[in-house]
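No lab work stands behind these numbers, since they all come straight from the coordinates. These numbers were taken from a predicted model, which means no experiment stands behind them. Note that each Cβ is placed from the backbone with ideal geometry, even for glycine, and that neighbours are counted across all protein chains shown.
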Amino acid sequence: MAVNITKIQFMSHRDTAHPIFYCHAHDDGHAPMLAVTTDGISIFIEGRNLLFKVKANPQTKNRIDIYMPITSANQLGRELVAATQGSSANQWRESTASPGQFASGRMSLPNIIWSKFGKTIQAVARVNSGTQMTKLDAYVNIDLETPHGSHIMMSDTEIHIGISLDNPTGTHNTDLTTPVHVPEIELQRGTAESNPVSKVAGDFSLKFTKEIAAGLGQLLIGTVAATAIP
């Protein structure tokens, strides 16, 4: 069963000349969702044939970012537990990383209630315009977050999943994107973004051992909404 989420984006270092690929549930025609599948040996969390908006890239990281409400996180956890029945669960470890130390964006970071991490067998992100990012043994960080007072799009407690990747390969071919006129409210404030915007389809896959996937399922099932920190 597919799990509806809020947002997924593929980012790369701005020096690689690849844009950001951005899929948000609030944008017209976009439906970010995750599915849990298995080949009998490994467990996959996948997003297939997702529609992405192509955006200017000020970032300095190669990564996938996924955001979802607590209800979606709980549902994804149940899907993982069902797919890993009979497997022992490896618990995800507490993270001591400090995201604010390396923050480079224009917005304030959300309040992080807790942060944990695990590893994939492989992570893959790609779009039909030619960009692809992969990584073996990729680190996966999961945060329970509440919004900062300055946030506009984020309004409630959510789960953020971040996956670090290697540098992108391929070349982003703008001829393989589609120009689309979007409502003015969808254009990013404080930037030069204007109609028409380019859109392109893409997908991603996170491959886990059954034990790591079972631990992730238990973590997500046990996640509850947090009270915002002042």
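Within the stretch 57-75, count every residue that is closer than 22 Å to S164 by Cβ, without any contact (Cβ under 8 Å) to a residue 60 or more places away in the chain and either out of contact with any strand residue (DSSP E or B) (no Cβ under 7 Å at 6 or more places or on another chain) or assigned to a strand (DSSP E or B) (or both).
2
Mind checking which residues of the stretch 1-54 are among the polar types (S, T, N, Q) and surrounded by fewer than 22 Cβ atoms within 10 Å (Cβ to Cβ)?
N4, T6, Q9, T16, T37, T38, S42, N49 - these are the residues of the stretch 1-54 that are among the polar types (S, T, N, Q) and surrounded by fewer than 22 Cβ atoms within 10 Å (Cβ to Cβ).
Filter the stretch 174-187 down to the residues that are more than 16 Å from C23 (Cα to Cα) and either in contact with a strand residue (DSSP E or B) (Cβ under 7 Å, 6 or more places away or on another chain) or surrounded by 13 or more Cβ atoms within 10 Å (Cβ to Cβ) (or both) and list them by number.
Hits for the stretch 174-187 are T174, L176.
Going through the stretch 189-210 one residue at a time, which ones are surrounded by 13 or more Cβ atoms within 10 Å (Cβ to Cβ) and either among the polar types (S, T, N, Q) or in contact with a Lys or Arg (Cβ under 8 Å, 6 or more places away or on another chain) (or both)?
Our first condition is that a residue be surrounded by 13 or more Cβ atoms within 10 Å (Cβ to Cβ); within the stretch 189-210, this holds for 193, 197-210.
Correct list: E193, V197, S198, K199, G202, D203, F204, S205, T209.
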